[in-house]
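Written out below as structure tokens is the structure these notes cover.
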Amino acid sequence: MTKKCIAVLTSGGDAPGMNAAARAVVRTALERGIRVFAVYEGYQGLIEGDTYIREMNWDSVGGILGLGGTIIGTARSDGFRTREGRRIAARNLVEREVDSLVVVGGDGSLTGANLFRQEWPSLLTDLVELGEITAEAAAQRANLFIVGLVGSIDNDMHGTSMTIGADTALHRITEAIDAIASTAASHQRTFVVKVMGRNCGYLALMAALATGAEWVLIPENPPEWDNWEEKMVADLRRGRQAGRRDSIVVIAEGARDKHGNPIGSSYIQKFLEEELREEVRVTVLGHVQRGGAPSAFDRNLGTMMGYEAVQTVLAAQPEDESQMIALRGNRITTAPLMKCVEQTRAIAAAIDAHDYERAMTLRGDSFRETFRTLRTLLRSLPHAPTPGQKHLRLAVMNCGAPAPGMNTAVRAAVRLGLDRGHTILGIANGFKGLIDGEVQEMDWMSVNGWAATGGSNLGTSREVPSGRDFYAIARTLEKYGIQGILMVGGLSGYQGAYQLFRERENYPAFNIPIICLPASINNNLPGSDLSVGADTALNVIVEAVDKIKQAAVAQRRCYLVEVMGRKCGYLALMSGLATGAERVYLHEEGICLSDLVNDVEQLRLGFEHGKRLGLMIRNEEAHQVYSTNVLCAIFEAESSDLFEVRQSILGHIQQGGNPSPFDRIQATRFAARCIDFLIEQAQLAEPAGSFMGLEAGGLNLHSLEELPKLVDKENQRPKRQWWMDVRTIAKLMSQPMPSWQIEQGK
Ligand code: ADP
């Protein structure tokens, strides 16, 4: 069999994270000993050939991880839509002996790629007949294998829960809407914000959820009323009466009414101005949404997908159909490319045919559920209780260190609980407040504006109850008639909940449902792949390291950055992956002297060969003896004056900041599930005590009984940590050259 040879291109609209994907494809291919080309300017470059198709080496993709857009360029190519264009493209690939093409683009680009593959044999026949390639060359490259990576800010592809670029676009949109909200509130003004997304309402829906906007219009689910404009005005008025100072209407670019008539932002503006008799401002976010540095999530998604693309190429058999790399349940997998594209088209067709039920069904359960949750959260007042329904008194609290997204979760829990006709109580300062009886009733507007703020407005503490505390807690529970508890927080909160659960036999007041919602920047909670707050912390670290890197290239410097996480290396590893750090020190792996000798050697070698910047990331508790100070001192002493060493301990900025869109969305979804749980369990004679989270795809519940089994007690982290597998990719990407080359050099 002839050796594989890959070409990678980016096509269609650019998306942040495309660079990470291209870098990962190039480096993984080189590591596997495969030649790899980058095609500049998308399909147009494939037709142009020549210098548009360049062979890549390890360094040609250095330093691009943090850049927005795509450095290899993208274009829309009419030429590639013609058979002649594709024939020339085929010739250019055969000439370079390429047999696998990795395309990073939207559904248009992936459709084009698939067509190219289908036509490939006949294109080669034509080329042989025209005498442009030899029959032998054609026989050697008889098949073209395609792998698609979806690069699209719209998150509009069926078959993957996220596309590369969508998370960054949401960052840009939420930043903008947060900013607009404060000026809108100052002037008591209404703003209409238009966001991108073509046929897909994902960005609009999630942005509205994340920012607490008041009305949202998406293509998949137009308002069911003919007089929706009046309904919107009535809602905004009610909001003002209830005490809201800002009103924000988010509209997706593909928004329409139920008859399919497009709804424009200026139409809404005019209508609102006439009805509300106040100034209404329109902000069309436009291309700002595409731009800027990619978020931590998009860098890592691009990297992991690019890695998987090459693995897929290597495993491919000639007859295999084209594959798309997908994210499902937080895991990278593959899916048949054309099936995903067809389903994506089916959504657009359903919208065109006004079959909105089908459009929502095709978007999937979580989209539909999010829409339902959003409609409740946006209300200006809760629904009246259903006559005869059971009225519950449910409490919510925060425990452990503050994590961005805690307030978002509390807001959602309060509103969703009130809307179901129950009383919601806020407990201040975690278990400490429960012991001291610091409880207060929450109403609808008490959580207004909480969606977007970091920290913990309820107050939080690390207190884990024991001994006499139980008596005090039982008294508080009885005094306030608390019939269920939602604990939003970290491991100390889980431990506290576990204690109450265990003491049920001794304290009848504890026989109530209790549920833990994972919220900790450390991402060290059992039963949960990702805890609320970790994404924000990761972005804070990545932004800080980007700045440090910029400052460091001016001198020849090596930076050692210390990040949080207690004994869990998630933040260190994932920020290392997102910033291209060459070394990550984790508690899980420990540090030994021979590692350090090797690290020093690598550093010296690198700087001797012209490297200008070294970057290492150390988890705060990676090693007791080899602290950040000690490591720096060792590197400095051994630097042979080739480089300087500086340390940067990022500290508490990692716990702060407004929650990222992902954390806000996750917090809201989790809270919705927790409120359902409490309401359901509170009706039972023996209610459950549980902790919840997303695990490989689904929202799972575990009984608190399982807690000791799942937690590594000594190290205070889950026994199984899914992300440890990512170490292989992180190591590969950050090597100075392919490992076989390093071996040869030794
Ligand atoms: P996106 O990939 O972001 O959806 P487009 O739909 O504009 O963007 O597609 C990008 C490029 O992919 C087009 O300019 C064209 O070169 C190619 N392409 C799209 N659809 C097809 C098709 N049906 N056949 C051949 N090429 C296509």
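FYI, it's all coordinate maths here, none of it is from the lab. These figures come from a predicted structure and were not determined experimentally. Every residue, glycine as well, gets a Cβ built from its backbone with ideal geometry; the counts of neighbours run over all protein chains shown.
Give me 532, 396 sorted ascending by neighbouring Cβ count inside 10 Å, so fewest comes first.
The most exposed by this proxy come first: 396, 532.
Where in the chain is the longest stretch that carries no GluC sites (Glu not before Pro) classed as loop by DSSP and with at most 10 other Cβ atoms within 10 Å?
Free of exposed loop sites, the longest segment is 320-713.
Given 0.36 nm per residue, what is the gain on full extension from residue 54 to residue 78 after removing their alpha carbon distance, in nm?
Full extension from residue 54 to residue 78 adds 6.4 nm.
For the range 245-321, calculate the relative contact order in percent as a whole number, restricting contacts to Cα pairs under 8 Å that are 6 or more residues apart.
Once normalised by length, the contact order is 12 percent.
So what does log10 I(q)/I(0) come out to for the chain at q = 0.06, 0.08, 0.09, 0.11 Å⁻¹, using the Debye formula with one equal point on every Cα and no solvent?
Computed log10 I(q)/I(0) values: -0.40, -0.70, -0.87, -1.21.
What whole-number distance in Å separates the alpha-carbon centres of the range 237-303 and the range 407-426?
Comparing the Cα centres of the range 237-303 and the range 407-426, I get a distance of 26 Å.
Check which residues have an amide H placed less than 5 Å from residue 489's amide H, if you skip close sequence neighbours.
399, 517, 519
Can you pull the one-decimal nm distance between simple spin-label points at residue 118 and residue 372, each 7 Å off the Cα toward Cβ?
Distance between the two pseudo-spin positions: 3.8 nm.
If you take every DSSP beta bridge whose two residues both sit in the range 166-289, what share of them, in percent to the nearest 5, is antiparallel?
5 percent
Sort 632, 592 by Cβ crowding within 10 Å, fewest neighbours at the top.
592, 632
Contact order normalised by length for the range 381-483, with contacts defined as Cα pairs under 8 Å and 6 or more residues apart; what percent is it?
Computed value for the range 381-483: 36 percent relative contact order.
Can you compute the charge dipole magnitude of the range 166-289 about its Cα centre, using +1 on each Lys and Arg Cβ and -1 on each Asp and Glu Cβ, nothing else charged? Give it in debye, rounded to the nearest 20.
180 debye
Determine ³J(HN,Hα), in whole Hz, for all residues of the range 680-691 in sequence, where each value follows from phi through the Karplus function 6.51 cos²θ - 1.76 cosθ + 1.60 and θ = phi - 60°; x replaces Gly and Pro.
5, 6, 5, 8, 9, 5, 10, x, 7, x, 9, 10
Classify the range 229-291 as rounded, prolate or oblate, taking a ≥ b ≥ c as the square roots of the eigenvalues of its Cα gyration tensor: rounded when a/c is under 1.5, otherwise prolate if a/b is larger than b/c and oblate if not.
Judged from the Cα gyration tensor, the range 229-291 comes out oblate (a/c at least 1.5, b/c at or above a/b).
Each residue of the range 728-744 in turn: what ³J(HN,Hα) in whole Hz from Karplus with 6.51, -1.76, 1.60 and θ = phi - 60°, glycine and Pro shown as x?
After applying 6.51 cos²θ - 1.76 cosθ + 1.60, I find 4, 5, 4, 5, 4, 5, 9, 4, x, 6, x, 5, 5, 6, 4, 4, 4 Hz.
Any chance you could run the full-extension gain for residue 715 through residue 391? It's 0.36 nm times the residue separation minus the Cα-Cα distance, nm to one decimal.
Result: 112.5 nm gained on full extension.
Based on alpha-carbon centroids, what's the gap between the range 49-97 and the range 554-632 in Å, whole number please?
Using only Cα atoms to place each centre, the spacing works out to 35 Å.
Going by amide H atoms built from the backbone, whose H comes under 5 Å of the H on residue 717, apart from near neighbours?
712
Please list, ordered by chain and number, the residues whose modelled amide H lies under 5 Å from the amide H of residue 441; skip anything fewer than 5 residues away on the same chain.
Answer set, sorted by chain and number: 426.
Taking other Cβ within 10 Å of each residue's Cβ, how do 152, 640 sort, fewest first?
Final ranking by Cβ density, sparse to dense: 640, 152.
Over the chain, what relative contact order in percent results from Cα pairs under 8 Å that are six or more residues apart?
13 percent
So which lysines pass the test for residue 567, namely a Cα distance under 29 Å, with those fewer than 8 places away in the same chain ruled out?
432, 547, 549, 709, 713, 719, 731
Going by a ≥ b ≥ c, the root eigenvalues of the Cα gyration tensor, does the range 308-427 fall in the rounded group (a/c under 1.5), the prolate group (a/b larger than b/c) or the oblate group?
oblate
Any chance you could run the full-extension gain for residue 507 through residue 273? It's 0.36 nm times the residue separation minus the Cα-Cα distance, nm to one decimal.
78.4 nm
Given 662, 481, 685, which one lies farthest toward the positive end of the charge dipole of the chain, if we put +1 on the Cβ of every Lys and Arg and -1 on the Cβ of every Asp and Glu?
Value computed over the given set: 481.
Based on the alpha-carbon gyration tensor of the range 116-261 and its eigenvalue square roots a ≥ b ≥ c, which shape applies: rounded if a/c is under 1.5, prolate if not and a/b is larger than b/c, or oblate?
Note, shape of the range 116-261 comes out prolate.
Please turn the phi angles of the range 700-716 into ³J(HN,Hα) values with the Karplus equation 6.51 cos²θ - 1.76 cosθ + 1.60 (θ = phi - 60°), one per residue in order, whole Hz, x for glycine and proline.
With the stated coefficients, the range 700-716 comes to 10, 10, 10, 6, 4, 4, 6, 3, x, 6, 8, 9, 7, 5, 4, 9, 6 Hz.
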